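Scroll down for the structure; my scribbles are underneath it.
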Amino acid sequence: MLKTRIIPCLDVKDGRTVKGVNFVDLRDAGDPVALAKAYDSQGADELCFLDITASHEGRGTMLDIVRRTAEQCFMPLTVGGGVRSASDLVQLLRSGADKVAINSAAVANPAVISECAAKGGSQAVVVAIDARKTGDHWEIFTHGGRKPTGIDAVEFAMEAEQRGAGEILLTSMDKDGTKSGFDIPLLKAITKTVSIPVVASGGAGSAADLAPAVLEGGANAVLAASIFHFGEVTLAEARAAMTDAGAPVRPFET
Amino acid sequence: MTSLVLIDYGSGNLHSAERALRAAAEMCAAAVDIEVTGDADRVQKADRIVLPGVGHFADCAAGLRAVEGMESALQEAVIHSRKPFLGICVGMQLIAEWGLEDGKTPGLGWIAGDVDRIKPGGGLAVPHMGWNGLSLKQDHPVLAGLGDDPHVYFTHSYAMVPTNPADIAATTEYGGEITAAVARDNLFGTQFHPEKSQRVGLRLLANFLTWEPA
């Protein structure tokens, strides 16, 4: 049977990882490539780089990081942040990314999803949705959750699927940073609507928080940043907690 | 020194496959010269051939056929000269007779059967994306030493349905049984991505590098 993926996410700014990282035996905790290798050897099922670079120069640096990571880590790599067009997607895929996450550009112009799927194939296109509860529904926010769009998250997820997205990376802006667990009602609303895989993001505070996203929320994968970076939860602990709760993960021996 | 060509016809996973093959060659100390090429003549002369592929069957088939002389070079090297061949993902699907993704597209026809959309039971998501276990159906050298309960990375919405079940080398369970690998004579193909399957994948690639089909 298909196993639930555990995906550590690294925020990268101008070639350096932001957010604290607390790994033993790591000389340079700010080096995304070294961190990717560390996660690789701990048995991450996939890795996600989120490029939060503001400058144009930093973009080239990101491509180099993707290239060097892909040389050493033989696992799926998703890269997101600032992807505006199909040509951005192609550039990232050529550098070694397997999947590219599109967020603001897809919300501003959903045709970008179709263009990306035509260029890279659906399997390479992840549509990242940042949603916040507004009244009785979930609304998409962009620009790091600051800018409301008036777009309904469930409807947009359906459109993303129709336009050829291969996966949805769903972040709850209400839960992100709270460490109080994933947003189960939001996950349920999306996973019962679309038939493509959904990655849960935002809110993981402990190893015990991971399984409910799958068992109750219907997610196919869980993504977390800070609990792994700060060493609060190891991937081995995350795997054990998922298995114990009844959400099987890939067997991995370190 | 043997030569291996990785066929460049614009496929997205070309460089991932190249990097993983190089790592696998280093791992098993295989004396192999790995070349990425779109030159049909180079393909015909190589000792081993790897055909990568991601995305759409019809696009990949058109891309491959757009390379001057490539289809006949492949026929010559793989079918006539029986060089070891590895197809990865859509590169594996292309060796079937027909692809049924958006219409009917002829494949290379080396393995009897179609490539059809997966319809997993139980409301499971499509694409089938992530790590899934392999159930080995052949005692094949390329599948040797993968360890207990080997898991590999899949990402696909279509899969090969071989006419002859004996051509199936491994399956995976996803709301029903899906062809994960096919093998016959000097042909081997994986629906999953060995280049993205960490040590299990590298081991499989290393096995291919040293495989001498009977």
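The values are calculated or read from the model by the stated rules, or taken from the named source; none is laboratory data. Owing to the predicted nature of the structure, the values given are computational and were not obtained by experimental measurement. When we count neighbours, we look across all protein chains shown, and the Cβ atoms used for this are built from the backbone with ideal geometry, even at glycine. Areas reflect the complete protein model, heavy atoms only, side chains present, ligands, DNA and RNA absent. Shrake-Rupley method; radii C 1.70, N 1.55, O 1.52, S 1.80 Å.
Considering each of B:125, B:170, B:180 in turn, give the residue that is at pLDDT below 95 and touching a Ser or Thr at 6+ places or on another chain (Cβ under 8 Å). Spell out how you get there, then give the answer.
Working: B:170 fails: at pLDDT below 95; B:180 fails: at pLDDT below 95.
Within the list B:125, B:170, B:180, the selection yields B:125.
Can you name the residue in region A:1-18 that is outside any loop (DSSP other than H, G, I, E, B) and of a type in the set (A, V, I, L, M) and is also most open to solvent (accessible area, probe 1.4 Å) among such residues?
Within region A:1-18, the subset outside any loop (DSSP other than H, G, I, E, B) is A:2, A:5-13, A:16-17.
Imposing the further condition that a residue be of a type in the set (A, V, I, L, M) reduces the set to A:2, A:6-7, A:10, A:12.
On the way: A:2: 30, A:6: 2, A:7: 5, A:10: 1, A:12: 0 Å².
It comes out as A:2.
Run down A:82, A:60 and say which single residue is part of a loop (DSSP other than H, G, I, E, B) and open to solvent by 10 Å² or more (accessible area, probe 1.4 Å).
Details: A:60 fails: part of a loop (DSSP other than H, G, I, E, B).
Going through A:82, A:60 in turn, the sole match is A:82.
For region A:92-108, give me each residue that is within 12 Å of chain B (Cβ to nearest Cβ) and in contact (Cβ under 8 Å) with a residue 24 or more places away in the chain. Steps first, please.
Applying the first criterion (within 12 Å of chain B (Cβ to nearest Cβ)) to region A:92-108 yields A:92-100.
Result: A:92, A:93, A:95, A:96, A:97, A:98, A:99, A:100.
Select from region B:29-60 the residues that are assigned to a loop (DSSP other than H, G, I, E, B), closer than 18 Å to residue B:206 by Cα and open to solvent by less than 50 Å² (accessible area, probe 1.4 Å) and list them in ascending order.
Of all residues in region B:29-60, those assigned to a loop (DSSP other than H, G, I, E, B) come to B:29-31, B:38-39, B:46-47, B:52-56.
If we keep only those that are closer than 18 Å to residue B:206 by Cα as well, we get B:29-31, B:46-47, B:52.
Matches in region B:29-60: B:30, B:46, B:52.
Would you pick out the residues in region A:93-120 that are under 19 Å from residue A:77 (Cβ atoms) and part of a helix (DSSP H, G or I)?
Within region A:93-120, the subset under 19 Å from residue A:77 (Cβ atoms) is A:93-103, A:116-117, A:119-120.
Listed by number, the residues that qualify are A:93, A:94, A:95, A:116, A:117, A:119, A:120.
Might you check whether a residue that is within 14 Å of another protein chain (Cβ to nearest Cβ) and in contact (Cβ under 8 Å) with a residue 60 or more places away in the chain occurs anywhere in region B:104-121?
Of region B:104-121, the ones within 14 Å of another protein chain (Cβ to nearest Cβ) are B:117-121.
Retained after the next criterion (residues that are in contact (Cβ under 8 Å) with a residue 60 or more places away in the chain): B:118.
Yes, there is a match, as at least one residue in region B:104-121 is within 14 Å of another protein chain (Cβ to nearest Cβ) and in contact (Cβ under 8 Å) with a residue 60 or more places away in the chain.
Only one of these is more than 14 Å from chain B (Cβ to nearest Cβ) and either part of a helix (DSSP H, G or I) or open to solvent by 30 Å² or more (accessible area, probe 1.4 Å) (or both): A:218, A:181, A:231. Name it. It would help to see each step written out before you state the result.
Values: A:218 fails: more than 14 Å from chain B (Cβ to nearest Cβ); A:181 fails: either part of a helix (DSSP H, G or I) or open to solvent by 30 Å² or more (accessible area, probe 1.4 Å) (or both).
The conditions single out A:231.
Looking for whichever is among the small types (Gly, Ala, Ser) and either in contact with a Leu (Cβ under 6 Å, 6 or more places away or on another chain) or assigned to a helix (DSSP H, G or I) (or both) here; the options are B:103, B:87. Which one fits? Please lay out each step first, then the result.
Details: B:103 fails: either in contact with a Leu (Cβ under 6 Å, 6 or more places away or on another chain) or assigned to a helix (DSSP H, G or I) (or both).
Just one listed residue meets the conditions, B:87.
State which residue is nearest to the other protein chains (Cβ to nearest Cβ) when the search covers only region A:161-176 and only residues that are touching a residue at least 12 places away in the same chain (Cβ under 8 Å) and open to solvent by 60 Å² or more (accessible area, probe 1.4 Å).
Residue satisfying both the conditions and the ranking: A:163.
For residue B:95, state whether it is aliphatic (A, V, I, L, M) and closer than 27 Å to residue A:91 by Cα.
Criteria not met by residue B:95.
Quick one: in region B:98-121, which of the residues that are charged (D, E, K, R) and modelled with pLDDT under 95 is least open to solvent (accessible area, probe 1.4 Å)? Spell out how you get there, then give the answer.
Keep residues of region B:98-121 that are charged (D, E, K, R), which gives B:101-102, B:104, B:114, B:116-117, B:119.
Now narrow it down to the ones that are modelled with pLDDT under 95: B:101-102.
On the way: B:101: 25, B:102: 120 Å².
Looking at residues that are charged (D, E, K, R) and modelled with pLDDT under 95, I get B:101.
Would region B:15-28 turn up any residue that is open to solvent by 30 Å² or more (accessible area, probe 1.4 Å) and more than 14 Å from chain A (Cβ to nearest Cβ)?
yes
How many residues are closer than 25 Å to residue A:126 by Cβ and either surrounded by fewer than 17 Cβ atoms within 10 Å (Cβ to Cβ) or within 12 Å of chain A (Cβ to nearest Cβ) (or both) if we restrict to region B:122-160?
The first filter runs over region B:122-160 and keeps only residues closer than 25 Å to residue A:126 by Cβ, leaving B:122-133, B:151-159.
Checking the rest, the ones that are also either surrounded by fewer than 17 Cβ atoms within 10 Å (Cβ to Cβ) or within 12 Å of chain A (Cβ to nearest Cβ) (or both) come to B:122-133, B:151-158.
Here the count works out to 20.
Condition first: in a helix (DSSP H, G or I) and open to solvent by 40 Å² or more (accessible area, probe 1.4 Å). Now tell me which residues in region A:234-254 satisfy that. Explain how you work it out, then say what you get.
We begin by selecting, within region A:234-254, every residue in a helix (DSSP H, G or I); these are A:235-245.
If the condition is that a residue be in a helix (DSSP H, G or I) and open to solvent by 40 Å² or more (accessible area, probe 1.4 Å), then A:236, A:237, A:240, A:243, A:244, A:245 are the ones that fit.
So residue B:71 ticks every box in (1) open to solvent by 10 Å² or more (accessible area, probe 1.4 Å); (2) part of a loop (DSSP other than H, G, I, E, B); (3) of a type outside the set (Phe, Trp, Tyr) but one. Which box is left unticked?
(2)
In this structure, is residue B:180 more than 13 Å from every other protein chain (Cβ to nearest Cβ) and hydrophobic (A, V, I, L, M, F, W, C)? Before the answer, list the steps.
Working: more than 13 Å from every other protein chain (Cβ to nearest Cβ): no; hydrophobic (A, V, I, L, M, F, W, C): yes.
Judged against the criteria, residue B:180 is not a match.
Suppose the filter is hydrophobic (A, V, I, L, M, F, W, C), out of contact with any Phe, Trp or Tyr (no Cβ under 6 Å at 6 or more places or on another chain), more than 30 Å from residue A:47 (Cβ to Cβ) and open to solvent by less than 20 Å² (accessible area, probe 1.4 Å); does residue B:168 pass it? Talk me through it step by step, then tell me what you get.
On the way: hydrophobic (A, V, I, L, M, F, W, C): yes; out of contact with any Phe, Trp or Tyr (no Cβ under 6 Å at 6 or more places or on another chain): yes; more than 30 Å from residue A:47 (Cβ to Cβ): yes; open to solvent by less than 20 Å² (accessible area, probe 1.4 Å): no.
No; evaluated as a whole, the condition is false for this residue.
Hey, could you check region B:171-208 for residues that are open to solvent by 20 Å² or more (accessible area, probe 1.4 Å), in a helix (DSSP H, G or I) and basic (Lys, Arg) and say which is farthest from residue A:69 (Cα to Cα)?
B:203
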